[in-house]
1. Here are some residues: THR291, THR321, THR333. Which one is over 20 Å from the mean Cα position of the chain (by Cα), among the β-branched types (Val, Ile, Thr) and buried (at least 24 other Cβ atoms within 10 Å of the Cβ)?
2. If only one of LEU723, LEU692, LEU696 is of a type outside the set (Gly, Ala, Ser) and modelled with pLDDT of 85 or more, which one is it?
3. Could you list all residues from region 508-519 that are part of a helix (DSSP H, G or I) and open to solvent by less than 50 Å² (accessible area, probe 1.4 Å)?
4. THR493 fails exactly one of the following numbered conditions: (1) of a type in the set (Ser, Thr, Tyr); (2) at pLDDT 90 or above; (3) touching a Ser or Thr at 6+ places or on another chain (Cβ under 7 Å). What is the number of that condition?
5. Looking only at region 321-351, how many residues end up being among the hydroxyl-bearing types (Ser, Thr, Tyr) and outside any helix (DSSP H, G or I)?
6. Please name all residue pairs, on different chains or six or more residues apart, with Cβ atoms under 8 Å, provided the first residue is in region 584-608 and is without any contact (Cβ under 8 Å) to a residue 24 or more places away in the chain and the second residue is loosely packed, with under 15 Cβ neighbours inside 10 Å and in a helix (DSSP H, G or I).
7. Looking at region 160-174, is at least one residue over 29 Å from GLU492 (Cα atoms), modelled with pLDDT under 65, open to solvent by 30 Å² or more (accessible area, probe 1.4 Å) and among the aliphatic types (A, V, I, L, M)?
Amino acid sequence: FFEHNISCIMDPPTNSNEDTRGIQLGPIDPESGLQPDIHDEHDDDYDDEYGSLVLPSRQQRPRAPPPRNLPSTRRRPPLFWTPRLPGRRGRAPSPPPSSSSSPSSSSSSFASPAAPPSSPSRAGGQQQLLPLASYLKEWLKSTVSALDNTTSSSPSSFSRYKASLALLLVCTLSYIALDSYDIIHVSFNDDGEVPKWKKLNTSLQRAKRRLDVLLESEYGELSEVLFGNETLSRAFESDSVHRLKNRMKMKIIQAGLMRKIVAKGEPGSGFVWVTGGDDYAAGYGNFYNQTYTWMIEDTVKDAFNMVGIKFHAKNYAMGGTPSGPEISLCMETTFGNDIDILSWDYANSDGDNYDLYRLWGNRAGIHPTIPTLFRLGKDPTCSSIDDDFQRFGLSAIQFDVDYIRSLVPDTSWETVDDLPPEVRYYKCAGQVEGGSVLCKENKWDTEGTTCDLSEYQTKEENRGWKDHKLIGRVIGVFLVDTLLSALADLEETLLEVSTIRNISVSQDKDRYAFQSSSLKEMHEGANLGKNTKFLGGHAKYSPFWRSSSFCHSALLPNHARFTGAVTLSMRSYRHDHGYFVGYDEGYAVDALPETKPKDGQFLLAYLPEMRQNCSDVYRADYKDFFLVRKQDGWVKVALPNHLEMKQFRIMGDKRGAHVIALCAEGVSIVAIKLKKIEVKVDGADVVDVRTLNDELSQCRLLVGEHDSFLWIAKPGGTGQFELEIKLNEPEELRITTILII
């Protein structure tokens with residue numbers, strides 16, 4: 001009797017459509033072949049920038065047949081797990097035979113003494129089972145009642161089962177405590193029933209009203225014109241906003257699930273916006289907290305906090321830098337491995353080189369989080385490329401910035417007093433921040449600072465604080481409205497495992513649609529080999545577009561620099577105004593050490609004149625570099641280092657072929673041929689180099705013997721490459737990035 005009922009606790013019954021936590025699940029989806037709560041073998045090592053979901057235990061459930069329409073590669077971990085009770089390792093626990101049903105019955109139940117009653121049925125006719133703790137309590141009560149009847153008729157039998165009873169009580173109470181500790185609950189409220197969608201929606205609506213009041217105080221009557229629904233629907237063009245909404249839905253659900261392990265009032269999940277761009281996105285001429293990236297976070301953070309989401313807007317723009325190949329090929333190490341929206345603002349630096357935008361989107365498609373592509377500016381060719389991305393599972397949104405600017409009225413002597421400060425002197429004679437001396441003299445708001453910004457403020461192409469604020473506010477309102485729409489969709493559904501499964505399956509299908517597509521199929525009609533200089537003349541070599549890459553980069557801003565992975569040193573922390581401080585800055589070129597750097601590290605250096613010399617932060621992008629000096633002789637470094645391997649989950653590939661490139665001034669074909677610069681990869685000589693973009697690009701492919709640009713790591717090694725450099729004629733070499741694909 002006791003052996004049988006102890007096994008009931010250790011191996012609770014499991015049906016193909018019934019969860020042990022009391023959630024009635026649907027049958028296996030015939031299209032995707034997925035069970036809602038299948039435990040992924042990769043769940044245990046899943047982590048991200050905000051921490052992982054760690055459970056004390058999980059229920060190992062029978063696996064469904066492999067899906068037919070999903071990729072065989074690693075899937076993203078689901079947000080739902082069920083606690084695994086200790087059973088027979090390696091296979092699912094089996095239910096005991098029931099005396100009340102035939103052996104062929106598809107359902108199973110606990111054997112006598114008694115089965116606990118089910119709770120009243122929910123909407124839709126599905127039956128709500130009791131949670132695990134309540135189930136065990138009811139079962140223990142009935143077991144004790146049966147024991148009482150047994151010992152009353154035969155008092156001596158109680159002593160024989162004393163040890164078993166003690167073990168039974170310990171097991172039961174342990175799992176009751178485990179259930180109360182478990183962090184996963186399919187609800188946002190404490191009663192275990194349905195989510196309080198109305199309460200969440202009310203909180204979010206209040207945040208939206210506060211935002212409306214703020215916008216009205218800043219833009220007056222123009223707020224209805226600039227931020228109205230009709231304006232937003234015309235300014236933002238996309239056929240894949242539903243994918244952004246699905247991402248927000250998962251964030252809302254994750255925030256609710258995490259509420260049991262985070263402090264009260266703290267967010268349960270994060271949402272990350274990353275800005276990639278050139279001078280305009282970097283905000284040259286303004287303070288750092290006047291850029292549109294910072295304004296986006298300032299606009300939306302209250303609304304996202306109301307649903308338990310911490311919103312981060314990271315400005316990783318670099319002045320004078322195109323979107324690729326150096327940046328796009330280093331997307332994960334530069335921007336981080338957790339991105340929800342990736343903004344592209346390189347219209348000035350990229351020009352009409354549309355292959356760079358194609359490369360950008362393809363690299364975003366293989367990023368671990370597959371972020372939504374957000375592009376500033378209206379361009380017919382880029383719009384067509386966005387259509388290609390959206391056909392194959394990516395989410396892309398175009399923001400017509402000029403349309404928003406056109407809605408602002410001109411400032412004249414007659415209207416100057418009628419316009420609010422945020423648009424007063426913004427447009428004169430039809431020109432944004434120009435047209436007359438009125439607008440030019442009121443373009444900047446940096447009075448009283450000790451910073452010398454004249455270098456940036458004299459350039460007409462740099463935008464002032466009014467333009468940045470307007471663009472940031474409009475994007476922020478769009479994101480808040482999308483969040484409201486996502487919450488409204490969730491409010492119409494019950495929060496069940498199948499709800500999360502449907503969203504997750506949809507995201508997996510989008511991922512598979514992209515991964516299974518070919519470059520020719522996606523960019524049909526685009527001659528990727530037309531630019532013979534692009535990607536070293538190997539534009540059709542798919543690993544450039546779709547294979548994982550690693551970069552050891554000195555450029556700032558840089559996620560790997562901020563986390564200390566590049567320098568094997570301390571981590572930085574994020575200031576309230578959005579920039580990072582506390583990272584290892586390296587050596588100023590006028591204060592370099594005389595001795596040769598240690599093996600395994602290049603000398604990290606920077607130009608002191610590029611660092612700001614005042615307290616008000618007005619820029620955070622610096623072209624730092626790894627310095628190789630003639631006096632040091634052979635200098636070598638093993639890449640990736642152990643921190644980079646750990647942080648970016650780089651597994652040493654001991655067999656595959658890799659492409660290696662150096663981004664540096666002075667690494668030319670002539671310098672290599674004449675032995676002015678000697679470079680070796682794992683002891684093999686580099687005999688030639690090829691440009692990755694054009695003659696102005698600083699990135700060069702390293703070519704070895706037999707005219708091959710592919711390098712294979714040493715067999716039996718760690719998967720690292722040992723790069724050696726020696727200068728014979730130039731006094732120094734400045735390397736910004738070492739790239740491995």
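1. Values: THR321 fails: buried (at least 24 other Cβ atoms within 10 Å of the Cβ); THR333 fails: over 20 Å from the mean Cα position of the chain (by Cα).
From the options THR291, THR321, THR333, the qualifying one is THR291.
2. Numbers: LEU692 fails: modelled with pLDDT of 85 or more; LEU696 fails: modelled with pLDDT of 85 or more.
None of the other options fit; the residue is LEU723.
3. Residues satisfying the conditions are ASP508, ASP510, ARG511, ALA513, PHE514, LEU519.
4. (2)
5. If we filter region 321-351 for residues that are among the hydroxyl-bearing types (Ser, Thr, Tyr), which is where we start, we get 321, 323, 328, 333-334, 343, 346, 349.
Remaining after also requiring outside any helix (DSSP H, G or I): 321, 323, 343, 346.
Of the residues in region 321-351, 4 are among the hydroxyl-bearing types (Ser, Thr, Tyr) and outside any helix (DSSP H, G or I).
6. ALA588/PRO608; ASP590/PRO608
7. Scanning region 160-174, I find at least one residue that is over 29 Å from GLU492 (Cα atoms), modelled with pLDDT under 65, open to solvent by 30 Å² or more (accessible area, probe 1.4 Å) and among the aliphatic types (A, V, I, L, M), so the answer is yes.
Yes/no per residue for (1) surrounded by fewer than 20 Cβ atoms within 10 Å (Cβ to Cβ); (2) touching a Lys or Arg at 6+ places or on another chain (Cβ under 9 Å); (3) on the phi > 0 side of the Ramachandran plot; (4) of a type outside the set (D, E, K, R):
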| position | (1), (2), (3), (4) |
| --- | --- |
| ASP402 | yes, yes, no, no |
| PRO420 | yes, no, no, yes |
| VAL423 | no, yes, no, yes |
| LYS440 | yes, no, no, no |
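The values are calculated or read from the model by the stated rules, or taken from the named source; none is laboratory data. From a predicted model like this one, the values you see are computed outputs, not experimental measurements. Note that we place each Cβ from the backbone using ideal geometry, even for glycine, and neighbour counts take in every protein chain shown. With ligands, DNA and RNA removed, areas are computed over all heavy atoms of the protein, side chains included. Shrake-Rupley method; radii C 1.70, N 1.55, O 1.52, S 1.80 Å.
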